[in-house]
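Take a look at the structure below.
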Amino acid sequence: MAEIRLEQVRKTFGRVVAVRDVDLTIEDGEFLVLLGPSGCGKTTTLRCIAGLERANRGRIFIGRRDVTGLPPARRGIAMVFQSYAVFPHMTVAQNIGFGLRMRHVPRRQIQKEVEEAAELLRIDELLQRYPAQLSGGQRQRVAVARAIVMKPQVLLMDEPLSNLDALLRLQMRAELKRLHREVGTTTVYVTHDQVEALSLGDRIAVMMDGTIVQLDHPSLVYDRPASTFVAGFIGTPPMNFLEATVAARDESVELVVGEFTLLVPALWRDQLKARTGQTVIVGIRAENITVHHGPVPGSLAATVLVSEPLGSQQLLTVQVGQDVLKVATAPEPLLAAGQTVGLTLVGQKLRLFDKETGKALPVPAPPPSEGGTQ
Amino acid sequence: MTFRQLQRRFLLYMVVVVIALWVLVPLALIALAAFTPRLELYQWPRPVLPSGFSTATMSFFLRSYGTLTSLRNSALVALLTLGMTLAVGAPAGYAVARYVFRGREAFRIGILMTRMFPTSLLAIPLIVTFIRWQLYDTLIGVAFIHTAMALPFAVLITSGIFSGVPKELEEAAMTLGCSRLGAFVRVALPLALPGLAAAAMFTFVISWNEVFASAILTVRNRTLPAQVLTSLEVAPLDFRFAGGFFMIIPALIFMALARRYLFQMWGGAISER
Amino acid sequence: MPRTPALRSLASEKALPYWLILPTIAYVAVFFLVPVVQALLLAFRTQDGQWTTRFLVRMVQDIQFVSALRFTLLLLAIIVPLQLVTALFIALLVNTRFRGSRTFLYICAIPLGISDLAAGLIWFSLFTQHGYINSFLYGLGIIERPIFFLSAQNTGWVLGSIVLAEHWRATAIVLVILVAGLQMISRDYLEAAEVFGARSWQRLWHVTLPLLKPSLQSALIIRTILALQMFAVVVAMGGRMVPVLAGEAYYWYYLYRNTNVASAYALLLMVISALLAWGYLRFLRPREVRP
Ligand SMILES: Nc1ncnc2c1ncn2[C@@H]1O[C@H](COP(=O)(O)OP(=O)(O)O)[C@@H](O)[C@H]1O
Ligand SMILES: [Mg+2]
């Protein structure tokens, strides 16, 4: 087990910069998720750590050891590939024992460790089979077993669940979590699935265009996205955005969205005052909007465009002035398209972003007494 | 099934059978001729089916002057060609399949172009060069030009085979403690082996069948096709029939074993599945 | 290990593919460039190093030259289109994936492994005086005496037999190229066209053939250049009755031991090949379609 440190790592493919001067420290025993849309450089980052790609620039340390120039075999890593890469010409047992054989571990011990790993992944029944006789989920387990049997300092996984069907994915996700708790290896886990990231990660590094745009605890990534990009990428549905003009009136500050105005919670007041007259982006998550079936003073009037019953909740698409918002509300009563409702926003869940840069305005520390809604 | 569908299916299989017969019947007939009693071949009227089975024609051919030596020469040249072609071509096929490098596309197109080059004609100017290099009338000399002919095919087919072995398998081996070469030997090579065997057979047959260059570059050390070609003017009918039949045997065996790989060799694009 | 080996291994990882293709490039350079230069020298330079067109003139003025050129081009013009059409037909047939189509394809591909000399001898056994065709016709009571298909008086018959033999032998190459090309065309395109109401002929014309164009082009080039080198089939069936360019190149060396004129023939064939290949590439250029 070891800490991983990336210093100014850069990897280019011709003109494409896949990893752009990334600095990242992953703590010993941590489960770090690299999350981002397809093509943002997650796999390349992982492969640089593995040594399958040589970084053009920068240094990589595993457990304080500079591994920048070392081949994969000498980095103390193990990797689970997206396609599993289970050797088709070897049995499950031979697959799992492959790395130990390369290390010239005695046969007796290999057998013992292979059996242990197989048991841990519940594939001990399959040891004599060939990969062609396995299902996708079983192959995936073989790939994981093959990696952990090495007792690596660092475990790298590249979208290991993306080729599984939804149910299996859910199940495997829980197993990986259990496995990490039991084995405790420093793990870097690549995914483009934000639900996986939120459920598995000790921390999430959100990537965009080869850079890490936010590195935080999952709840913070969800709750306090660092930019409109992160806010729009994480959560189903993604955060709602409204363009608003900051207007000062008397003591208070208002956000003017089309024909409506939002009263700003007290904690944002000072920060926004400085931006009077400017346009900011207001972000609010679907579940932080309250739906009123009757008239409520100060609510926004909205028309339901679509209503999707999702079992535990219903997801509304509503129109407010020129803007369209997603709203999550209780499943009952089911609303119909065309119905008019009133909306209020949960004030302390409002997030504000700079319109030019998309960066979040720092969320002020809440005052001892909570500010009211709306 | 409607009557119309039935009719169409009948028509389809009629056409298929006719075409298949067009290919197979001449093969059957040469085999028949090779085992027809020798004298019967000269009779008129000559029955289509021979009166009996006879190995006299074949043994006459095999015992004719030069046949056995040329047979041995052919096998030697083909083996030499096979060895050289794979040794030179397979690494290139691997590089094209595995690496993205500057000039890769140019190299690939160059190979496709050499596949189209009338390589056997090069035998004529090579006479002079080979005499100077003391390769004229040697088996290794013939193998050299056969290698030049087979090389583009070997590169194409091996690159097709290696790109059928996922890169991740080798990478996985490397993360599990193998070196670059170790990963190749332990993972890529075993998986590519059947394909490589097919490539070897192709190469063998290319060399085995080649007649123009072999006939030009040899005088005493003739390969089988060169031997048959140069004896045509004086050879009796039975010699020709037996020779024709004898030459196609390895081809038939190889086609049966390696048919899956024909497409990699001749397909325009190098990609499997 | 200290720092430097790391840098060196980085360099070698990048250089590895070049090391791997180097032997092929070196081999091709030696075994293609050397003889091509040598051919030029042989055809255009005398023994004592004088530049000359003597050998070229000798080739052109030879009585066989004009007819060899004529027959070569004639055979080319008959055989190549014929094979292309046949192969396309069979390839499309195979592509319907009827039951047994794989076996059928395999049977059709068999001649691919058969040498031109053997193919020539096979067809010789059919067309020769006491050959199968004559026996067969006699058996049916159509003829009394054998027909001399392969005689100098009957150039037409000889030519026809050569066309048949060559068609039998070498259609397989075109077929395999086309089938490989067809396999790369996703069936989705055809199904999409079908959904939009294209009938089977329209699908063939508007979808399959345009997507097959790169394969057709490469089949055409390969087949043309192989047909230009046609030699053993012709010799096995007709000796020198129907002279062809590659045969003349052979005889000028084999009979007359004249490497200069033989080289001139070889060069002529290379030039024709290059011109035809260039023409096909230029005028049949497929539009950028990537299936
Ligand atoms: N071997 C490669 N050659 C060229 N470009 C590559 C290669 N691998 C990745 N890239 C490019 O680098 C960028 C990042 O790719 P990748 O790390 O695979 O993204 P992700 O895993 O986040 O989807 C992409 O634009 C991709 O096209
Ligand atoms: Mg990826």
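Our helix-only sum for chain A, with -39,500 (n - 2.57) per DSSP H run of n ≥ 4 divided by its residues, gives a mean residue ellipticity at 222 nm of -7000 deg cm²/dmol. Scaling against 2.2 N^0.38 Å puts the C-alpha radius of gyration of the stretch A:4-225 at 1.00. Suppose R0 equals 60 Å; then what is the FRET efficiency for C:Arg282 and A:Gln278 from their Cβ-Cβ distance, rounded to the nearest 0.05? Efficiency, from the Cβ-Cβ distance: 0.45.
An oblate overall shape is assigned to the stretch B:1-86, the ratio a/c of its alpha-carbon gyration tensor axes (a ≥ b ≥ c) being 1.5 or greater and a/b not exceeding b/c.
Applying the Karplus parametrisation 6.51 cos²θ - 1.76 cosθ + 1.60 with θ = phi - 60° to the phi angles of the stretch B:6-19, what ³J(HN,Hα) value in whole Hz is obtained for each residue in order, glycine and proline being reported as x? Karplus values, whole Hz, x for Gly and Pro: 4, 4, 5, 5, 4, 4, 4, 6, 4, 4, 4, 5, 4, 5. Solvent-accessible surface of protein heavy atoms, probed at 1.4 angstrom with all chains present, puts B:Met14, C:Met237 in the order B:Met14, C:Met237, largest first.
For the stretch C:79-233, a simple Cβ point-charge model (Lys and Arg +1, Asp and Glu -1, everything else neutral) yields a dipole of about 280 debye relative to the Cα centre. Working note: Karplus 6.51/-1.76/1.60 with θ = phi - 60° gives the stretch C:242-253 the couplings 10, x, 10, 4, 5, x, 4, 4, 5, 5, 4, 8 Hz, where Gly and Pro are set to x.
Loop-located trypsin sites (Lys or Arg not before Pro) in the stretch B:77-136 (DSSP state other than H, G, I, E, B) with a sparse environment of at most 16 neighbouring Cβ atoms within 10 Å: B:Arg102. For chain A, the Kirkwood estimate of hydrodynamic radius, built from reciprocal distances between every pair of different alpha carbons, is 23.3 Å. Candidate cross-link partners of C:Lys14 among the lysines, defined by an alpha-carbon separation under 30 Å and a same-chain spacing of 8 or more, comprise A:Lys11, A:Lys42, B:Lys167. The phi-based Karplus calculation (6.51 cos²θ - 1.76 cosθ + 1.60; θ = phi - 60°) puts the 3J(HN,Hα) values of the stretch C:149-160 at 5, 9, 9, 4, 6, 10, 3, x, 4, 4, 4, x Hz, whole numbers, x for Gly and Pro.
Of the residues B:Pro194, B:Ser163, B:Val228, the one whose Cα sits farthest toward the positive end of the charge dipole of chain B, with +1 on the Cβ of Lys and Arg and -1 on the Cβ of Asp and Glu, is B:Ser163.
Listed by chain and number, the lysines whose C-alpha is less than 21 Å from the C-alpha of A:Lys273, apart from same-chain residues fewer than 8 away, are A:Lys349, A:Lys355, A:Lys359. Sorting A:His293, A:His104, C:His206 by solvent-accessible area of protein heavy atoms yields A:His104, C:His206, A:His293, largest first, with a 1.4 Å probe. For A:Asn240, the residues 5 or more places off, or on other chains, whose built amide H falls under 5 Å of its own are A:Ile284, A:Arg285, A:Ala286. Note on the stretch C:178-291: the alpha carbon radius of gyration divided by the globular reference 2.2 N^0.38 Å gives 1.55. A loss of 30 Å² or more of accessible area (1.4 Å probe, protein heavy atoms, ligands and nucleic acids excluded) relative to the isolated chain is seen in these residues of the stretch C:179-208: C:Ala180, C:Met184. The tail of the calculated P(r) for the stretch C:53-289 beyond 29 Å holds 41 percent of all Cα-Cα pairs. Skip the ligands, DNA and RNA, and give the accessible area per residue of the stretch A:76-126 with a 1.4 Å probe, whole Å². On a per-residue basis, the stretch A:76-126 sits at 49 Å².
For the residues of B:17-27, the average number of beta carbons from a partner chain within 10 Å of their own beta carbon is 5. Axis angle, to the nearest 10 degrees, between helix A:107-120 and the longest C-alpha principal axis of chain A: 20 degrees.
Sort out for me the Cα centre separation of the stretch A:80-112 from the stretch A:184-223, rounded to whole Å. Here the two parts' Cα centres lie 30 Å apart. Accessible surface buried by the A/B pair amounts to about 1500 Å², both sides summed, 1.4 Å probe. In the assembled protein chains, C:Asp62 presents an accessible area of approximately 40 Å² (probe radius 1.4 Å). When you filter the GluC sites (Glu not before Pro) in the stretch A:242-300 for DSSP loop state and at most 13 other Cβ atoms inside 10 Å of their Cβ, you are left with A:Glu251, A:Glu259. Around the amide H of A:Gln278, modelled in the peptide plane, lie the amide H atoms of A:Val246, all under 5 Å away and 5 or more residues distant in sequence or on another chain.
Roughly how crowded by other chains is peptide A:84-94, in terms of the mean Cβ count from those chains within 10 Å of each of its Cβ atoms? Across A:84-94, the average partner-chain Cβ count within 10 Å equals 4.
Placing +1 on the Cβ of every Lys and Arg and -1 on the Cβ of every Asp and Glu, with no other charges, gives the stretch A:7-50 a dipole of roughly 460 debye about its Cα centre. Of the listed residues A:His292, B:His146, the order by accessible area with a 1.4 Å probe, largest first, is A:His292, B:His146. Counting, for every residue in B:87-94, the Cβ atoms of other protein chains within 10 Å of its Cβ and taking the mean gives 5. Within the stretch A:61-163, the trypsin sites (Lys or Arg not before Pro) that combine a DSSP coil assignment with at most 10 other C-beta atoms in a 10 angstrom radius are A:Arg64.
Here, P(r) means the percent of Cα pairs in each 20 Å bin from 0 to the largest distance; for the protein assembly as shown it is 12, 31, 28, 19, 9, 2, 0.
Counting only heavy atoms of the protein chains and using a 1.4 Å probe, A:Arg285 has close to 10 Å² of accessible surface. With the alpha-carbon atoms of chain B aligned to their principal axes, the span from lowest to highest coordinate is 74, 73, 32 Å, starting with the largest.
Under the rule that an exposed site lies in a DSSP loop and has at most 14 other Cβ atoms within 10 Å, name the longest stretch of chain B with no chymotrypsin sites (Phe, Trp or Tyr not before Pro) of that kind, not counting the sites themselves. The segment B:134-273 is the longest one with no such site.
Computed over protein heavy atoms with a 1.4 Å probe, the carbon and sulfur contribution to the accessible area of the protein assembly as shown reaches 60%. The stretch A:14-145 gives an Rg/Rh value of 1.01, both radii derived from C-alpha positions and Rh following Kirkwood.
Which one of A:Asn240, A:Gly298, A:Gln271 is farthest out on the positive end of the charge dipole of the stretch A:234-308, using unit charges on Cβ (Lys, Arg +1; Asp, Glu -1) and the Cα centre as origin? With unit charges placed on the Cβ atoms, the residue in question is A:Gln271.
For the stretch B:74-152, a simple Cβ point-charge model (Lys and Arg +1, Asp and Glu -1, everything else neutral) yields a dipole of about 340 debye relative to the Cα centre.
The values are calculated or read from the model by the stated rules, or taken from the named source; none is laboratory data. All figures in this text were calculated on a predicted structure; none of them were measured in a lab. All Cβ positions, even for glycine, are placed from backbone atoms using ideal geometry, and neighbour counts span all protein chains on display. Just the protein is used for accessible areas: all its heavy atoms, side chains included, with ligands, DNA and RNA removed. Shrake-Rupley method; radii C 1.70, N 1.55, O 1.52, S 1.80 Å.
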